[in-house]
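What follows is a set of notes on a single structure, which appears directly below.
The values are calculated or read from the model by the stated rules, or taken from the named source; none is laboratory data. Predicted model, so just to flag it, every value in this text is computed and none were measured. Neighbour counts run over all protein chains shown; Cβ positions are idealised from the backbone, glycine included.
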Amino acid sequence: MLKMTANSLYEELIIAGFGGQGIILAGKLIAQTAMEAGKQTTYMPSYGAEVRGGTANCMVVVADDPIACPIVTRPNSIIVMNKASLHKFAPRLQPDGLLIMNSSLIEEQPEVPATVDVVAVDATNIAAEMGNVKAANMVVLGAYLAKRAALTPDQAAAALPKVLAKRHHNTLALNIRALKHGAELATANA
């Protein structure tokens, strides 16, 4: 569940995978969407020197009130795109947290408390069927947005042109479809 203090939102999220999976873009999109929705937000990316193929993760905090620290140690939610990220970040997840995982690349069942809401999304394969495997990040992001409901896929779709490099604007329609498809999958499996 989202942390609520005096009826205010406070969500800590980690998005993780390997370089080239759009992890940094997904984090930027959440932060931009939150800002446009009038929320407080922090965004802190981290990636290896090799970028493509190396590790990548980002920490995003979304809140109604000012955020004291951008560092996320015990997230409410994690989105993991590969097995290594699952093993690294799942132990940090709060017991009543949300785990969105790319089941295209993670076949094992995660070792998390029974109180964790686990949503397995076949994101890489779904994105490939939609025409571009790189949209897998938008599929899992859509699932996250549908499960958390603090921000919507429509709000993220509206913010996407601001965070996606102009040279990639030809993929906007695909990415928006992927966001909405991921949200529909999460809602259908609720």
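Structural remarks
- Within the option set A84, A63, A68, being farther than 17 Å from L185 by Cα, at pLDDT below 90 and among the small types (G, A, S) holds for one residue only, A68.
- A156 over 15 Å from V119 (Cβ atoms) and surrounded by 12 or more Cβ atoms within 10 Å (Cβ to Cβ): yes
- Hey, P75 within 13 Å of the chain's Cα centre (by Cα), closer than 20 Å to C58 by Cα and assigned to a loop (DSSP other than H, G, I, E, B) or not: yes
To keep it simple, each residue is scored yes or no on (1) over 16 Å from S103 (Cβ atoms); (2) β-branched (V, I, T); (3) modelled with pLDDT of 95 or more.
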residue	(1), (2), (3)
V133	no, yes, no
L141	no, no, yes
T152	yes, yes, no
A165	yes, no, no
T171	yes, yes, no
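- Scanning region 122-163 for residues that are more than 22 Å from A63 (Cβ to Cβ) and of a type in the set (S, T, Y) returns a single hit, T124.
- So N137, is it within 14 Å of the chain's Cα centre (by Cα), farther than 24 Å from D96 by Cβ and of a type outside the set (A, V, I, L, M): yes
- Scanning region 67-93 for residues that are surrounded by fewer than 22 Cβ atoms within 10 Å (Cβ to Cβ), among the hydrophobic types (A, V, I, L, M, F, W, C) and touching a Phe, Trp or Tyr at 6+ places or on another chain (Cβ under 9 Å) yields I67, A84.
- Residues in region 106-132 that are free of Cβ contacts under 8 Å to residues at least 40 places away in the same chain and more than 19 Å from S85 (Cα to Cα): A114, T115, A128, E129.
- Qualifying residue in region 81-101 (condition: more than 24 Å from G20 (Cα to Cα) and touching a helix residue (DSSP H, G or I) at 6+ places or on another chain (Cβ under 9 Å)): no
- The set of residues in region 101-111 being over 13 Å from I79 (Cβ atoms) and surrounded by 18 or more Cβ atoms within 10 Å (Cβ to Cβ) consists of S104 alone.
- Residues in region 17-47 that are over 14 Å from N137 (Cβ atoms), small (G, A, S) and not in a loop (DSSP other than H, G, I, E, B): A31, A34, S46.
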